[in-house]
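Participant: Before I ask anything, let me first share the structure, which is written out below as structure tokens.
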Ligand SMILES: Cc1cc2nc3c(=O)[nH]c(=O)nc-3n(C[C@H](O)[C@H](O)[C@H](O)COP(=O)(O)O)c2cc1C
């Protein structure tokens, strides 16, 4: 399946054919997709437990039913109804019935072929002199989850993400104890995989309706509506998608070829050849559409994006790049050589000196300034999935925005674009506040990073090495490696 189709067709599958198994090699391809997700300094602090054991699945399903029974089903109808803004009025009664049916909350877990628990860790440090923000745990989990989801769609396998069973801290602890999960790791989500009974039974449309781009994306400043191409009158020919363009890249190739890109073509480099590094308008819109079709609790879409473009927003882009450069100087430049070198195990030895020099003088991180566009992802941690019960918070919220980021990132290879995820622009909290003030982002929202986007200056190899599937995926119990099909007899 082509990558763009996979991103556009993604939906939460709410019911599976219980008698239909997913072929083990297909599941393995989906697990493999998770490996290629990005993580800060490639630390890959995410683990998954594959659960096929019916007893464990039923036990977790029961937790989900209880949470729903004690939460949603007791909430007065008008309160729930108001949350369903995005659901067409004519199907709201059916939707409400399903939502408040506590049996159904468990059925999805019980009838899926494979339940995969996604476990992250907010306490891992990616830089020697900086405490990584705890939301990185959720972000890294989410990018891997989204890769699996895209891969599942590409393989015609249904997937759904559930957080309900873990909404009670006590449940999460019980699961950790029974499955041997260390208590400093966090259970973020359960991923249910199976053969979809019907792709999306609840909505009359192919997928859940999403808010329009005009509300999801702000142009240069919070609240200033992004104008879609159809409504712009200052475009030139190059801004339109060529008539013969067909997104001809396979899902796995896109996931595998996605890279962190930190050098972009710029106006002075390539002025004559290809538009001075300018990203055509249709590609920006394609990226934003990919972000738009992301899952979120109650389809709340508790994320927004502020789009900065050259040359209009050059001034703030320059400041963002400069902040990242300064931060890089401190967190990498002030640390003894050996300490940083050890962290870069995944980089070929002969390139150490060069890369370390660029990290120490900060120039490697200056790329937001050079990028032709910047997308600032924003997330609202206070959105709550459930009227009653604990479901929200920074970590959970950052999962959804990061799945949207990963969707854009995975679309880049086919568009000939690259994204660099720059956390250093805003890892200093005061600086983060200053950007937010400058861009009008309300203080109750959060800006986890800045994405520099442009045409890569040079072709890049595939990603740096990743841990094997057997290190990231455990079989039924924490630490028990998943055995790849090639090694089974
Ligand atoms: C949460 C998170 C934070 C990151 N922070 C930065 C950053 O501040 N600067 C940067 O250049 N890359 C950053 N990256 C990108 C990683 O360095 C990159 O994903 C990793 O080295 C693997 O390389 P790849 O993305 O090309 O596969 C970050 C990635 C994630 C997921």
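Participant: Could you check region 60-90 and list, in sequence order, the residues that are at pLDDT 80 or above and surrounded by 15 or more Cβ atoms within 10 Å (Cβ to Cβ)?
Facilitator: Once the filter is applied, which keeps residues that are at pLDDT 80 or above and surrounded by 15 or more Cβ atoms within 10 Å (Cβ to Cβ), region 60-90 yields 60, 61, 62, 63, 64, 65, 66, 67, 68, 69.
Participant: Got a sec? Which of 323, 291 is part of a helix (DSSP H, G or I), within 22 Å of the chain's Cα centre (by Cα) and crowded, with 22+ Cβ neighbours inside 10 Å? Quick ask: steps written out before the conclusion?
Facilitator: Details: 323 fails: within 22 Å of the chain's Cα centre (by Cα).
Being part of a helix (DSSP H, G or I), within 22 Å of the chain's Cα centre (by Cα) and crowded, with 22+ Cβ neighbours inside 10 Å holds for just one of 323, 291, which is 291.
Participant: Identify the residue in region 452-472 that is in a loop (DSSP other than H, G, I, E, B) and within 9 Å of the ligand (Cβ to nearest atom) and, among all such residues, is nearest to residue 314 (Cα to Cα). Talk me through it step by step, then tell me what you get.
Facilitator: Keep residues of region 452-472 that are in a loop (DSSP other than H, G, I, E, B), which gives 455, 457-468.
Now narrow it down to the ones that are within 9 Å of the ligand (Cβ to nearest atom): 460, 462-464, 466.
On the way: 460: 26, 462: 31, 463: 30, 464: 31, 466: 36 Å.
Applying the filter and picking the extreme gives 460.
Participant: Answer yes if at least one residue in region 14-37 is buried (at least 22 other Cβ atoms within 10 Å of the Cβ), modelled with pLDDT of 95 or more and in a loop (DSSP other than H, G, I, E, B), and no otherwise.
Facilitator: yes
Participant: Answer yes or no: is there a residue in region 203-221 that is surrounded by fewer than 17 Cβ atoms within 10 Å (Cβ to Cβ), at pLDDT 90 or above and within 29 Å of residue 165 (Cβ to Cβ).
Facilitator: Scanning region 203-221 turns up at least one residue that is surrounded by fewer than 17 Cβ atoms within 10 Å (Cβ to Cβ), at pLDDT 90 or above and within 29 Å of residue 165 (Cβ to Cβ).
Participant: Return yes when residue 313 is surrounded by fewer than 23 Cβ atoms within 10 Å (Cβ to Cβ), at pLDDT 95 or above and more than 22 Å from the chain's Cα centre (by Cα) and no when it is not. Give the derivation first.
Facilitator: Details: surrounded by fewer than 23 Cβ atoms within 10 Å (Cβ to Cβ): yes; at pLDDT 95 or above: yes; more than 22 Å from the chain's Cα centre (by Cα): yes.
It is true that residue 313 is surrounded by fewer than 23 Cβ atoms within 10 Å (Cβ to Cβ), at pLDDT 95 or above and more than 22 Å from the chain's Cα centre (by Cα).
Participant: Let me ask something else. Is it true that residue 41 is touching a helix residue (DSSP H, G or I) at 6+ places or on another chain (Cβ under 7 Å), at pLDDT below 95 and either assigned to a loop (DSSP other than H, G, I, E, B) or within 16 Å of the ligand (Cβ to nearest atom) (or both)? Can you show your working first?
Facilitator: On the way: touching a helix residue (DSSP H, G or I) at 6+ places or on another chain (Cβ under 7 Å): yes; at pLDDT below 95: yes; either assigned to a loop (DSSP other than H, G, I, E, B) or within 16 Å of the ligand (Cβ to nearest atom) (or both): yes.
So residue 41 fits the description; yes.
Participant: Oh, and also: Tally up the residues in region 424-444 that are surrounded by fewer than 18 Cβ atoms within 10 Å (Cβ to Cβ) and under 21 Å from residue 219 (Cα atoms), please.
Facilitator: Of all residues in region 424-444, those surrounded by fewer than 18 Cβ atoms within 10 Å (Cβ to Cβ) come to 428-430, 433-434, 437-438, 440, 442-444.
Okay, now just the ones that are also under 21 Å from residue 219 (Cα atoms), so 433-434, 437-438, 440, 442-444.
Here the count works out to 8.
Participant: Identify all residues within region 301-320 that are more than 22 Å from residue 401 (Cα to Cα) and assigned to a loop (DSSP other than H, G, I, E, B); write none if there are none.
Facilitator: From region 301-320, those more than 22 Å from residue 401 (Cα to Cα) are 310-316, 318-319; that's our starting set.
Those that are more than 22 Å from residue 401 (Cα to Cα) and assigned to a loop (DSSP other than H, G, I, E, B): 310, 311, 312, 313.
Participant: Here's a follow-up. Anything in region 469-480 that is without any contact (Cβ under 8 Å) to a residue 60 or more places away in the chain and exposed (fewer than 14 other Cβ atoms within 10 Å of the Cβ)? List them, or say none.
Facilitator: Let us first name the residues in region 469-480 that are without any contact (Cβ under 8 Å) to a residue 60 or more places away in the chain, namely 470-471, 480.
Passing the criteria: only 471.
Participant: Being modelled with pLDDT under 95 and touching a strand residue (DSSP E or B) at 6+ places or on another chain (Cβ under 7 Å) is the filter; apply it to region 182-194 and report the residue that is surrounded by the most Cβ atoms within 10 Å (Cβ to Cβ).
Facilitator: Filtering first and then ranking leaves 188.
Participant: Just to verify a result, which residue in region 407-446, among those that are away from the ligand (no atom under 13 Å from the Cβ) and in a loop (DSSP other than H, G, I, E, B), is farthest from residue 326 (Cα to Cα)?
Facilitator: If we take residues in region 407-446 being away from the ligand (no atom under 13 Å from the Cβ) and in a loop (DSSP other than H, G, I, E, B), then 416 is farthest from residue 326 (Cα to Cα).
The values are calculated or read from the model by the stated rules, or taken from the named source; none is laboratory data. Please read these numbers as outputs of a predicted model, since none were measured by experiment. Don't worry about glycine lacking a Cβ; one is built from the backbone with ideal geometry, like all the others, and counts go over all protein chains shown.
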